[in-house]
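A short write-up of the structure that comes next.
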Amino acid sequence: MVTDDMDSSRSNDTASPPLTSARRLLVIGGIVLIAAGMIFGDVFAVFVLHQNASRVGEQLTLAADSVAAQNPEAVKSHFATLGALMENRGTKVDTHVHAIDFGYLALLLALVAPYARLEERRKKFLAGLFLTGSVMLPVSVFLIHYVGLTYSPLSSIGWASITADLGGLLVIIACAGFLIGVWRHIRRAEGATRENAGANTCGDWAGRALLTGGTLLVLAGFLHGAHYAVVDLDEHEARDRATLQEIVDSSRKAQMAPGRDITDAHRSIEAYGMLQAEKAVKIAAHSHIIEFGLLAMLLAFIQHYVFLSERWKRRLVVVMLAGSIILPVFVLLELKWGLIAGGIADAGGLLVVISLIGMLAGVVRHTGKADGQREAA
Amino acid sequence: MTRARKLLLAGGLALAVWGMSYGLYYALFDEHQTLEQIGGSLAASFVSAAEGKLPEAHAALDRYAAASYEYVREVDVHSHWIGLAMLLILMGVIFDRVAFDERKSFRLAVALVTGSVVFPLGVILQTAMQGQTPRAIAVAGSALIIIALALIAVGFWRKHISGGERG
């Protein structure tokens, strides 16, 4: 469908330095990690997040009812279920966040690799180590809820947590290796080499648009975060504590009330749910707008390696930036528009994923072409 | 490579390693205990209320609020240190596109690196110190970052209109 168009005109990849094995691993691995993390996030948002939130509300209501019924054992049971639900949610969010952030770091290391004074085989080893840890950690975190403490040698940490921490350690070692390489490059005061001369350019329209759009998104996210920290954070924490006390006091009062009327406690639980939703959407908007900005800026520097026609590259950039604005804006609007805004936000996330997969296809085509040329030579 | 770029690249990578090491330490030695304290105190509060012991219920809620306060900041520090480290590395890669002389560029890089270290530090200090000092440190750090970023954006823009991309 797009082959002719894609082949008709090429990006200026001939002007860019070669994509070495280590950088190729990091660029492709990074994009795959980001796309996988985003798809997981979208699936989680659509099929788990809202359902999980309503189950948490149900359990809290049942716990308040048990307080009114003066039944401490039932309260403990509902809180055990509540804990499991919260762990399920927390580990899914951690999986999503860590996969994406490791993808960003992989792209960053691909940009930094030309400035690391290390042998290519060492860089390739470090890239492999980094990607191994980057897969191990999110997969293990995802499994924490299901594996639990089965066969664990420790009393509170299960095997999945242990392998997650090991994955994190591998990532740290790989980053430290690149840091040593950069430090050696700096100490030797090296000038441009074949690998790093013009290694990170973003001269074409697609690159410039991504860099400009990304910078604006990051700045907007920082300002939003500063506003949240100054205006909302303390107020949310105080309201969280106060609302929980209202629930506890109303439930206690219902023990003596005729017919154990617990309407007040239920009303406070609704208010508590709204507060949690308000906190979640504001934090999600802040983190997503900055992360999409950073992603756009990072992708600006791999546009030389996206072997697609200029027209298709531009389309992918527009789709990426549109999705990067739609998702955080409509996440914020979820408080007013509910599930409609949530659906549009998810569609925004999907746009970013589509654009990423398109760029990944372009990078794979570039590496295929480079391999072909090398074999022909 | 200019001094500013060296500082941003090395500072960014070092901060990323530091932020990840903090995260690993936190996951191993603190996170589980804090989460158990949050869940345990909340459950204890409801159980005490069910037993008709309201003062104990309120005390448990206080423990819950303190543990939540600590948890939010500990997780924030981990994510902000690593996020800001990524920004520093990225700036290190593209800093030759800023249309300022060497001295101004280096000062901007120093401001950005200082802000990136100090802002999360102020956040985590809030769990150890009372009063406004840690907040003032966090606000000063974040202000440094925002001002430096805004100036860098101006520098990019000036470079763009005066000659554009030179790779």
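Read the figures in this text as sums done on the coordinates, not as results from a lab. Just so we're clear, the structure is a prediction, and the values are computed from it rather than from any experiment. Note: ideal-geometry Cβ built from the backbone for every residue, glycine included; neighbour counts use all protein chains shown.
Can you find, among A:19, A:132, A:343, the residue farthest towards the positive end of the dipole of chain A? Put +1 on the C-beta of Lys and Arg, -1 on that of Asp and Glu.
Of the options given, the answer is A:19.
Could you list the square roots of 5 times each eigenvalue of the Cα gyration tensor of region A:254-312, that is, the equivalent ellipsoid semi-axes, sorted largest first and rounded to whole Å?
Details: eigenvalues 574, 21, 8 Å².
Values for region A:254-312, descending: 54, 10, 6 Å.
Within the set B:104/B:159; A:76/A:336; A:92/A:313; A:313/B:6; A:279/A:313, which residue pairs have Cα atoms separated by over 25 Å? Let's see the in-between values first.
Working: B:104/B:159 14 Å; A:76/A:336 35 Å; A:92/A:313 32 Å; A:313/B:6 32 Å; A:279/A:313 37 Å.
Cα-Cα > 25 Å for A:76/A:336; A:92/A:313; A:313/B:6; A:279/A:313; rest within.
Students often check this: by mean Cβ neighbours within 10 Å, which of A:23-30, A:74-81 ranks highest, and how do the rest follow? Don't jump to the answer; show the numbers that get you there.
Values: A:23-30: 25.4, A:74-81: 18.9.
Those peptides, ordered most packed to least, come out A:23-30, A:74-81.
Please report the orientation-averaged projected area of region A:47-149, defined via the convex hull of its C-alpha atoms, in nm². Walk me through the numbers on the way to the answer.
Details: hull surface 35.6 nm².
Dividing the Cα hull surface by four gives the mean projection, 8.9 nm².
Show me the helices of chain A, taken as full DSSP H stretches, that run 18 Å or more along their long axis by Cα and average -1.0 or above in Kyte-Doolittle hydropathy. Kindly include the intermediate steps, with their values, before the conclusion.
Working: long enough: A:21-44 (34 Å, 1.67); A:50-68 (27 Å, -0.25); A:72-112 (57 Å, 0.48); A:120-147 (40 Å, 0.82); A:159-187 (42 Å, 1.31); A:205-227 (33 Å, 0.95); A:233-256 (36 Å, -1.14); A:263-300 (55 Å, 0.48); A:310-337 (39 Å, 0.94); A:339-376 (55 Å, 0.83).
Counting only whole DSSP H runs, the qualifying helices are A:21-44, A:50-68, A:72-112, A:120-147, A:159-187, A:205-227, A:263-300, A:310-337, A:339-376.
Once both axes come from the Cα atoms, what is the angle between helix B:102-125 and the longest principal axis of chain B, in degrees from 0 to 90, rounded to 10?
Long axis of B:102-125 versus the principal axis of chain B: about 0 degrees.
How compact and how long is region A:297-377, expressed as Rg and Dmax of its alpha-carbon atoms in Å?
Cα only, region A:297-377: 16.7, 61 Å (Rg, Dmax).
Please average, across the residues of A:104-115, the number of beta carbons from any other chain that are within 10 Å of each residue's own beta carbon, and give a whole number. Display every interim value, and only then the final one.
On the way: counts 5, 6, 0, 2, 11, 3, 0, 6, 7, 0, 1, 7.
Taking the mean over all residues of the peptide, I get 4.
For residue A:259, what is the net charge nearby, where nearby means another residue's Cβ is under 14 Å from its Cβ and Lys, Arg count +1, Asp, Glu -1? Before the final figure, lay out the partial values.
Numbers: positive: A:253, A:260; negative: A:65, A:261, A:264.
Within the 14 Å Cβ shell, the charges total -1.
Using the Cα gyration tensor of region B:1-79, with a ≥ b ≥ c the square roots of its eigenvalues, what is the shape: rounded (a/c below 1.5), prolate (a/b larger than b/c) or oblate (neither)?
Working: a/c = 7.89, a/b = 3.83, b/c = 2.06.
Note, shape of region B:1-79 comes out prolate.
Evaluate the relative contact order of region A:216-328 (contact order divided by residue number), counting alpha-carbon pairs under 8 angstrom at least 6 apart; express in whole percent. Each step should come with its number before you reach the end.
Numbers: 70 pairs, mean separation 41.1, N = 113.
Reported relative contact order: 36 percent.
To one decimal place, what orientation-averaged projected area in nm² is obtained for the convex hull of the Cα set of chain B? Write down the numbers at each step before the final one.
Values: hull surface 46.8 nm².
Value for chain B: 11.7 nm².
Where does chain A land at 222 nm, in deg cm²/dmol rounded to the nearest 500, when only DSSP H runs of n ≥ 4 count, each adding -39500 (n - 2.57), divided by all residues? Write down the numbers at each step before the final one.
Details: 11 runs with 298 residues, N = 377.
About -28500 deg cm²/dmol.
Rounded, prolate or oblate: which one fits region A:107-181, using the alpha carbon gyration tensor with axes a ≥ b ≥ c (rounded when a/c is under 1.5, else prolate when a/b beats b/c, else oblate)? Could the numbers behind the result be given before it?
Numbers: a/c = 3.83, a/b = 2.98, b/c = 1.29.
Note, shape of region A:107-181 comes out prolate.
How large are Rg and Dmax for region A:20-91 when calculated on the C-alpha trace, in angstrom?
19.9, 68
Pick out which of A:236, A:288, A:304 has the largest mean-square fluctuation in a Gaussian network model of chain A, springs linking Cα atoms closer than 10 Å.
Looking only at A:236, A:288, A:304, the largest GNM fluctuation is found for A:236.
Within a 10 angstrom radius of each residue's Cβ in A:174-185, how many Cβ atoms of other chains show up on average? Whole number is fine.
Values: counts 1, 8, 6, 1, 5, 7, 1, 1, 9, 5, 0, 4.
Mean partner shielding for this stretch: 4.
For the protein assembly as shown, max minus min Cα coordinate along each principal axis, in Å, sorted largest first?
So the three principal-axis extents are 88, 54, 48 Å.
At 222 nm, what value in deg cm²/dmol follows for chain B if DSSP H runs of at least 4 each add -39500 (n - 2.57) and the sum is divided by all its residues, to the nearest 500?
When only DSSP H runs of four or more count, the value is -30500 deg cm²/dmol.
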